[in-house]
Amino acid sequence: MGIFDFFKKEVKREFVARPDDSKDKIIYKWPDTNIRMMTQLTVQQDELAVFFKKGQVVGTLQPGTHTLDGASIPFLSGLIDSATGGNFLISELYFVSTRQFTDLPFGGMIDNVVDPRTNLAVGIRVFGEYAMTVSDPQKLILTLVGTQSLQSNEQITDWLKDLLLKHFREMVSKYVSVDKQDILGIASQASAFEKMALDKVSPDLLEYGVAINKLGNVTVSIKEEDEATLKQMTRDFAYAQNGAAADAAVKLGMAKGLEQGSSAGSSAADAAATGMGIAMGMKALNPDEKDKKNDPVQQEQK
């Protein structure tokens, strides 16, 4: 590297700020750990600058323009590199955004749960959006960055997605398995689940310096094929337990068959057969008084 290249590099180091193409990042790490003394550090209004060294947060600078001078910023004195004659600071420097990040998607498969009415295993999914902010930049650097090495937006938001899914899995499992609530109609509980999830996840995030401000557009749904099967089984159970409903279904099926007549061909016969099939099934489940009188077993018992 020539003398002019070296000079240019040194001049560039005298001004430090988050690059324009990283404005949408939750965390931006300055690429160099050698920062020249008396450098002009610019911290934007929606961020904080955090100095980190050897697993510890050394100090934080608020929005504004700062001259990196140990005399005016006391915590910098512990970062001065004596090997350079006191001309450089040795530190990792992070710019942490404090603005709210919105419309972040989350979702996926929650779990397979057993419907208490039909004993059918049903797959349930959840999808929605959330908004997050960094509530404590120092905690964020110490925990997610320092111990879990999460630095990119994708790594942080994926971690939050997994945490949300964990809470939804626990809530839905309790709703079905413990509270014995029907799975059909679970979509109507989306708002309740949304509030419960927000209440549960907020304390978990305190130690990481992150906050989920709100959840929105939450949809809890059943896998299509499972929903069709569950509806049919629920209908069958209802007929088996309600003779009047079954009788109405029988009459409706037969009426459709007679109404369609020859114009519907086999479909009319199928409708009538369906009605008669239900009738026979119901008769087997609930024999009438006349049949009971003609039943030798019933007579013998009398």
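Structure notes:
- If only residues of the stretch 149-188 that are part of a loop (DSSP other than H, G, I, E, B) and among the charged types (D, E, K, R) are counted, the one that is nearest to residue 231 (Cα to Cα) is 182.
- Qualifying residue in the stretch 137-149 (condition: β-branched (Val, Ile, Thr), more than 19 Å from residue 47 (Cα to Cα) and free of Cβ contacts under 8 Å to residues at least 60 places away in the same chain): yes
- Residue within the stretch 80-90 that is outside the structural domain of residue 201 (by TED's automatic domain parsing), among the aromatic types (Phe, Trp, Tyr) and either more than 30 Å from residue 213 (Cα to Cα) or out of contact with any strand residue (DSSP E or B) (no Cβ under 6 Å at 6 or more places or on another chain) (or both) present: yes
- Pair list, Cβ under 7 Å, 6 or more apart: the stretch 161-174 residue within 15 Å of residue 123 (Cα to Cα), other residue assigned to a helix (DSSP H, G or I): 168/193; 168/197; 171/193; 171/196; 171/197
- Every residue from the stretch 45-75 that is in contact with a His (Cβ under 9 Å, 6 or more places away or on another chain) and at pLDDT below 90: 72
- Condition broken by residue 218, with the remaining ones in (1) within 17 Å of the chain's Cα centre (by Cα); (2) part of a helix (DSSP H, G or I) satisfied: (2)
The values are calculated or read from the model by the stated rules, or taken from the named source; none is laboratory data. Model, not experiment: these values are computed from the prediction. No Cβ is skipped: glycine too gets one built from the backbone with ideal geometry, and neighbour counts run over all protein chains shown.
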